[in-house]
1. Among the residues of the range 134-151, write down those that are assigned to a helix (DSSP H, G or I) and more than 21 Å from S40 (Cβ to Cβ).
2. Inspect all residues belonging to the range 123-130 and state whether any of them is more than 18 Å from the chain's Cα centre (by Cα) and either at positive phi or open to solvent by 10 Å² or more (accessible area, probe 1.4 Å) (or both).
3. Which of the residues spanning the range 152-170 are open to solvent by less than 30 Å² (accessible area, probe 1.4 Å) and either modelled with pLDDT of 90 or more or not in a loop (DSSP other than H, G, I, E, B) (or both)?
4. With closer than 19 Å to T353 by Cα and open to solvent by 10 Å² or more (accessible area, probe 1.4 Å) as the only criterion, which of M119, M114 stands out?
5. Restricting the search to the range 50-67, which residues are within 17 Å of the chain's Cα centre (by Cα) and open to solvent by 20 Å² or more (accessible area, probe 1.4 Å)?
6. Just to be sure I understand the filter: pairs with C-beta atoms under 9 Å, separated by 6 or more residues or on different chains, first member in the range 383-405 and among the aromatic types (F, W, Y) and open to solvent by 90 Å² or more (accessible area, probe 1.4 Å), second member modelled with pLDDT under 95 and assigned to a loop (DSSP other than H, G, I, E, B). Which pairs pass?
7. Select, from L108, L101, the only residue that is open to solvent by 20 Å² or more (accessible area, probe 1.4 Å) and touching a residue at least 24 places away in the same chain (Cβ under 8 Å).
8. Residue check: is S358 open to solvent by 10 Å² or more (accessible area, probe 1.4 Å) and in contact with an Asp or Glu (Cβ under 9 Å, 6 or more places away or on another chain)?
Amino acid sequence: MTVPRASSSPRAIHLAGVLILFGAAYFTSMFFRTVNAILSTQLSVDLGLDAAALGLMTAAYFLGLGLAQIPIGICLDAYGPRRVQAAMLCVATVGIALFGLTESVPLLVVARAMIGVGMAGCLMTAFQVSMLWLTSEKVPLANGLYLAVGGLGALAATSPVTFLLQFMTWQQMFLMIAVFTLGIAAAIALVTPEQPSTPGLPWGARLRSVGVVAQNQRLLRYLPMTALCFATGTAMQGLWAATWMQSVTGLDAPVIGWTLAIMAVSLTVGSAVGGVLTVAMERRGLELKHVILASTCLFILAEIGLGLFPSEAGVLLWVLFALTYNVVTLSYTHVARSQPRDCIGSSTALMNTAVILSTFVVQYGLGLFLSWSGEDNTAFALISALWALTGLQVAALIWCCFPRG
């Protein structure tokens, strides 16, 4: 089902500015998803963290991010992206500033969770803006470009962070980013138009809409695959890929930093290409689902390569890994197209909740597993965990393609 467009749209230049601001917010969100991969060694030394504690601190972001999804989705349908995103970025600003002002591990975990809550609407509000003011044919391209901008945020969390840390502490860096985030919040509040008016619904009806979208057959097919692929990709690229490169492949810190930077570039390129490819394929009679399923298969192949050749695995496999897993989240658009227009926010929120909480479980779970396995068995534990996750993804792919089987 094609979702109807709003009858009144902002002018092209105004809309471009709005899209850029929401892209900047998602850029910041992706920065915080991956920055601990570069900071992990320094945080462990400065704060005396083991793998489990580091995993919890990093994954707390996804816990806050996941728990806030459904409330934000309902608020999006009620109040629109302007009010929701501006308010949530203010919450993120407080969390970022707290992370830069304390060295208490419990408070740092709370601060990361607050950042997650504050950044929880970045992708949803960006997608909502696309669905409200762009034609249906342009939505996949815009969403692919949003994902690409997120890849730039992941890139900014690699070598640029290493460069900045030569001139400031990580605490000072976080305080600087807090000011930047507050500026984005103010700009969104000032520039973004209100969404077109929709019939007022009581909150009980809005809550029931979550149950309605949860029964959507397309959502039930694509959600497990999307959650497993994104959770694995983000958990690895955001933290544990660096540990893999050090413990399994034996790379030194500078090479790890550049490899993570190349992965971030690949994430950006893959997301942009996914959006462009979708538009081109749909013009030739193919569908968005073909891009999603092909990306899933390529991502699984990259994991199989890493599992079969763990010590010899080079940058090409990591590039394929990063190129593909974020493209799978174009399933959000594929599912939203089959939902009622006034339930788009709830649909995206429900998918995001499952996807992000899965990321929390995978990222923290890997930390617990590595801590339980011991430092001497880190390489074997990482390889075993990757094989287990890959097996689950294969099962989810089969379910997506053949749900009745």
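The values are calculated or read from the model by the stated rules, or taken from the named source; none is laboratory data. Not measured: the values here are computed from a predicted model. When we count neighbours, we look across all protein chains shown, and the Cβ atoms used for this are built from the backbone with ideal geometry, even at glycine. Please note that ligands, DNA and RNA were not included when accessible areas were found on the heavy atoms of the full protein model with its side chains. Shrake-Rupley method; radii C 1.70, N 1.55, O 1.52, S 1.80 Å.
1. The first filter runs over the range 134-151 and keeps only residues assigned to a helix (DSSP H, G or I), leaving 139-151.
If the condition is that a residue be assigned to a helix (DSSP H, G or I) and more than 21 Å from S40 (Cβ to Cβ), then V139, P140, L141, A142, N143, G144, L145, Y146, L147, A148, V149 are the ones that fit.
2. The answer is no; no qualifying residue exists.
3. G153, A154, A156, V161, W170
4. M114
5. Those that are within 17 Å of the chain's Cα centre (by Cα) and open to solvent by 20 Å² or more (accessible area, probe 1.4 Å): L63, L67.
6. Listed pairs, sorted by first residue: W399/G405.
7. On the way: L108 fails: open to solvent by 20 Å² or more (accessible area, probe 1.4 Å).
Residue meeting the stated conditions: L101.
8. On the way: open to solvent by 10 Å² or more (accessible area, probe 1.4 Å): yes; in contact with an Asp or Glu (Cβ under 9 Å, 6 or more places away or on another chain): no.
Taking the combined requirement at face value, the residue does not satisfy it.
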